[in-house]
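The values are calculated or read from the model by the stated rules, or taken from the named source; none is laboratory data. None of these values were measured; they are calculated from a predicted model. Note: ideal-geometry Cβ built from the backbone for every residue, glycine included; neighbour counts use all protein chains shown. When the accessible area is computed, the model is the full protein with side chains, heavy atoms only, and any ligands, DNA or RNA have been set aside. Shrake-Rupley method; radii C 1.70, N 1.55, O 1.52, S 1.80 Å.
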2 protein chains.
Amino acid sequence: MNLRKNIVALCGGVGGAKLALGLASFDADIDLSIIANTGDDFEHLGLNISPDIDTIAYTLAGIANPEAGWGRADETWSFMDALADLGGETWFRLGDKDLALNVLRTNLLRSGIGLSEVTSIITDQLGISSELIPMSDTDVRTVLQTDHGALDFQDYFVRLQCTPVVSSIEFKGSDNAKPSARFEELLTDPDVDAFVICPSNPFISIDPILAIPTVRAKLADHPAPVVAISPLIGGKSVKGPTSKLMSELDVGSSAGDIAKYYGDFIDGFVLDHRDSPFCVEIEQTGIQPFCSNVVMSTLDDRCRLARDVVRFAGVLTA
Amino acid sequence: MNLRKNIVALCGGVGGAKLALGLASFDADIDLSIIANTGDDFEHLGLNISPDIDTIAYTLAGIANPEAGWGRADETWSFMDALADLGGETWFRLGDKDLALNVLRTNLLRSGIGLSEVTSIITDQLGISSELIPMSDTDVRTVLQTDHGALDFQDYFVRLQCTPVVSSIEFKGSDNAKPSARFEELLTDPDVDAFVICPSNPFISIDPILAIPTVRAKLADHPAPVVAISPLIGGKSVKGPTSKLMSELDVGSSAGDIAKYYGDFIDGFVLDHRDSPFCVEIEQTGIQPFCSNVVMSTLDDRCRLARDVVRFAGVLTA
């Protein structure tokens, strides 16, 4: 009898990566495949930068910067200092160690190797046993319409620190994008036991994945449950602009509104105990709510939430 | 009356850069233009690397590593360590600070800016007042025929540490290369007071410059004297494979043989006091010899030799 469980997690940056680490760690019988958002990817200083892939990879390898939410622990900054002296752009910070991964990826991509294979080479080298899969091998770029005009994602997120007011978000290239080959395979793989939407920002971390043609429909059609985890705790985003964007995009403000925003392709929704008053309205939309502690400060927190999510998915399957 | 002197120096890496610094420092009335060998340039890890340009720039900016002969002082190596952990190539060492210049140059070149302009941007940022000019804006690549087969320059020089036996050297692309616009201008500029061939390796640092069509002839035709400085001291190369290459290429072994190797396009030859016995045979070839102390350990040494070279050129002009 095979007790292994195949979990596929859709994931953005820091919040999502924390749950991904929990899913990868709490039970040796979990086979975890992580689909990373690449809508934040961009070219900077001639380098191909994939912030969410790297945050997930560094988190799983145990070398992530625990404070910043991006980059590596014990980082040094000689490159950035020297670049500043040479008059180079310094608004996007690349540490010396982080740069190694970015130079390596850029060189491999330029040699004609696709992003999926490049990511696999990197995770192998970092000793990561979970599968880390870009959502697509073709470029999808998140662009935000704001009161500062149209902004590329990193301009909005890093350079302007999310201060512009957003009126709409588009994912350039998504109409003609395909899921990466491995993601495509998993979307119709009968052995997948659950799809998990990590507690990432729905609008800028999960929507780019869902915007790729067929993804949303295939998730809805797959017999395995799709479980989303709320990125809100007590109605507020832990980190990042989720609450601010909800207000600007006029999609409500509560965990219940997040569940409704995802809508009918999800089967279950995990929300924090503090948001339990919204369970009734979530249930009324046909989505099964489940209350847990969604705060993930320690590795124990991450493992506990991961266990709750996988058990809840098991209940939804039964 | 204009007492300024216009000196054009043809220069390779470490030995040449030392004299270039002397020429740039010994007299405020010297206008120095340095033509850098780019035959050593190569693409590595997807970056456009110009070792001689950088050694000269770092030396003139006072930030060169005083021991290594390449790279920057007070360098850190986080990038290289992280790259090793990721399985990247580490035989060519790029420090964290050095990387800033290489990433910046690569990005500027990719945006369509030529190597001359890129070099000018970099030297401006480093506060260098002398002109630093690549020999050409088109690619010329030094390739060595050896007992290990044909080797790209850095394979021979860095990876194999000059151990292969060299039978011939070619400069790929030189037949169709043009001198950079500014070099071309200087080659026929009547205001140039002297051309200086720095004490670099004749075969791999100076020959690539001379291999560009018209350069050698224009140097010979220019009314200003051309003065070469011996890279040998007491018949031995200070650093690098000059003596080894002389033996392998069968061009003798002495300072006199270097003068004869350059031949009739040079007017004067500065050699070390220890090599003074070769003055007679040099004079017999029609080249004026001048004995000096060619050792350049300190900045004072470099300034003293630079002063000797410029005074000697003045004597040749008179």
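For A:Arg307 and B:Ala68, what does the FRET efficiency come to when R0 = 51 Å and r is the distance between their Cβ atoms, rounded to the nearest 0.05? Present the calculation step by step, with values, prior to reporting the outcome.
Details: r = 54 Å, r/R0 = 1.05.
My answer for the efficiency is 0.45.
Set the Förster radius R0 to 56 Å, insert the Cβ-Cβ distance between A:Asp31 and B:Ser247 as r into 1/(1 + (r/R0)^6), and round the FRET efficiency to 0.05. Don't skip to the end; give the middle numbers.
Values: r = 63 Å, r/R0 = 1.12.
In this case the efficiency is close to 0.35.
Expressed in whole Å with the largest first, what are the equivalent ellipsoid semi-axes of the stretch A:65-125 derived from the C-alpha gyration tensor as the square root of 5 times each eigenvalue?
Details: eigenvalues 112, 51, 15 Å².
For the stretch A:65-125, the ellipsoid semi-axes come out as 24, 16, 9 Å.
What whole-number volume per residue, in cubic angstrom, does the convex hull of the C-alpha atoms of the stretch A:204-308 give?
Numbers: hull volume 11.0 nm³, N = 105.
Per-residue hull volume (Cα only) is 105 Å³.
Give me the summed buried accessible area for the B-A pair, 1.4 Å probe, to the nearest 100 Å². Could the numbers behind the result be given before it?
Details: alone 13760 and 13790 Å², together 25440 Å².
Buried area between the two chains comes out at roughly 2100 Å².
By how many degrees, 0 to 90 and rounded to 10, does the Cα axis of helix A:51-60 deviate from the longest principal axis of chain A?
That works out to roughly 70 degrees.
Around A:Val226, under 12 Å between beta carbons, what's the net of Lys plus Arg minus Asp minus Glu among the other residues?
Working: positive: A:Arg216, A:Lys218; negative: A:Asp193, A:Asp221, A:Asp264, A:Asp267.
Charge balance near A:Val226 sits at -2.
How large is the Rg to Rh ratio of the stretch A:140-227 when both quantities use alpha carbon positions and Rh follows Kirkwood? Write out the running numbers ahead of the final one.
Details: Rg = 15.1 Å, Rh = 14.4 Å.
Result: Rg/Rh = 1.05.
Evaluate E = 1/(1 + (r/R0)^6) for B:Asp81 and B:His148, where r is the Cβ-Cβ distance and R0 equals 25 Å; express this FRET efficiency to the nearest 0.05. It would help to have the intermediate numbers written out before the result.
Values: r = 29 Å, r/R0 = 1.17.
E between B:Asp81 and B:His148, to the nearest 0.05, is 0.30.
Mind checking the alpha-carbon convex hull of the protein assembly as shown and giving the volume per residue in Å³?
Values: hull volume 106.0 nm³, N = 636.
Here the figure is 167 Å³ per residue.
Express the carbon and sulfur contribution to the solvent-accessible surface of chain A as a percent, rounded to the nearest whole number, probe 1.4 angstrom. Could you put the intermediate results ahead of the total?
Values: 6150 of 12730 Å².
C and S fraction of accessible area: 48 percent.
If you average 1/r over all unlike Cα pairs in the stretch B:1-88 and invert the result, what Kirkwood radius do you get in angstrom?
Details: mean 1/r = 0.0680 Å⁻¹.
So the Kirkwood estimate lands at 14.7 Å.
Positive end of the charge dipole of the stretch B:1-134 (Lys, Arg +1 and Asp, Glu -1 on Cβ, about the Cα centre): tell me which of B:Ile7, B:Ser25, B:Trp91 has its Cα farthest that way.
It is B:Ile7, whose Cα lies furthest towards the positive end.
Only protein chains counted, 1.4 angstrom probe. Which residues of the stretch A:24-51 are at least 10 Å² less accessible in the assembly than when their chain is isolated?
A:Leu45, A:Gly46, A:Leu47
With 29 Å as the limit, write out which pairs from A:Lys18/A:Lys178; A:Lys97/B:Lys18; A:Lys18/A:Lys218; B:Lys18/B:Lys260; A:Lys172/A:Lys244 have Cα-Cα distances beyond it, or answer none.
Pairs exceeding 29 Å: A:Lys97/B:Lys18.
What accessible area per residue, rounded to a whole number of Å², is obtained for the protein assembly as shown using a probe radius of 1.4 Å?
On the way: 25440 Å² over 636 residues.
I get 40 Å² per residue for this part.
Could you list which residues have their amide H under 5 Å from that of B:Asp31, counting only those 5 or more apart in sequence or on another chain, with H placed in the peptide plane?
So B:Asp31 has HN proximity to B:Lys5, B:Asn6, B:Ile7.
Quick one: which residues, 5 or more positions from B:Ser237 or on another chain, have an amide H under 5 Å from its amide H? H modelled 1.01 Å from N in the peptide plane, none for Pro or chain starts.
Hits under the 5 Å cutoff: B:Ser243.
Tell me the mean residue ellipticity at 222 nm calculated for the protein assembly as shown from its helices only (DSSP H runs of n ≥ 4, each -39500 (n - 2.57), averaged over every residue, nearest 500).
On the way: 24 runs with 229 residues, N = 636.
After summing the helix terms and dividing by the residues of the protein assembly as shown, the value is -10500 deg cm²/dmol.
Through the Karplus equation 6.51 cos²θ - 1.76 cosθ + 1.60, θ set to phi - 60°, convert the phi angles of the stretch B:100-114 into ³J(HN,Hα) values in whole Hz; use x for Gly and Pro.
My calculation for the stretch B:100-114 gives 4, 5, 5, 5, 4, 4, 4, 5, 5, 4, 5, 7, x, 7, x Hz in order.
Please turn the phi angles of the stretch A:266-282 into ³J(HN,Hα) values with the Karplus equation 6.51 cos²θ - 1.76 cosθ + 1.60 (θ = phi - 60°), one per residue in order, whole Hz, x for glycine and proline.
9, 9, x, 9, 9, 10, 6, 3, 5, 9, 4, x, 8, 4, 4, 5, 5
Name the residues whose placed amide hydrogens come within less than 5 Å of the amide hydrogen of B:Val196, ignoring near sequence neighbours (fewer than 5 apart) on the same chain.
B:Val8, B:Ala9, B:Leu10, B:Val227
For chain A, just list the percent of Cα-Cα distances falling in each 10 Å bin from zero outward, please.
Bin by bin from 0 Å, the calculated values are 6, 28, 37, 23, 6, 1, 0.
Report the residues of the stretch A:43-62 in range of a label on A:Ser129: point 7 Å along Cα→C-beta, backbone N strictly under 15 Å from it.
A:60-62
Relative to the Cα centre, what is the charge dipole magnitude of the protein assembly as shown, using +1 at the beta carbon of each Lys and Arg, -1 at the beta carbon of each Asp and Glu, and rounding to the nearest 20 debye?
Values: 48 positive and 90 negative charges, 112 e Å.
It works out to roughly 540 debye.
Kindly write out, for the stretch A:295-302 in residue order, the coupling ³J(HN,Hα) from the Karplus curve 6.51 cos²θ - 1.76 cosθ + 1.60 (θ = phi - 60°), rounded to whole Hz, with x marking Gly and Pro.
For the stretch A:295-302, the Karplus-derived couplings read 5, 10, 7, 10, 4, 4, 4, 5 Hz, x marking Gly and Pro.
Quick one: work out the % antiparallel among DSSP beta bridges in the protein assembly as shown, nearest 5. Mind showing how you got there, number by number?
Numbers: 32 of 86 bridges.
Rounded to the nearest five, the antiparallel share is 35 percent.
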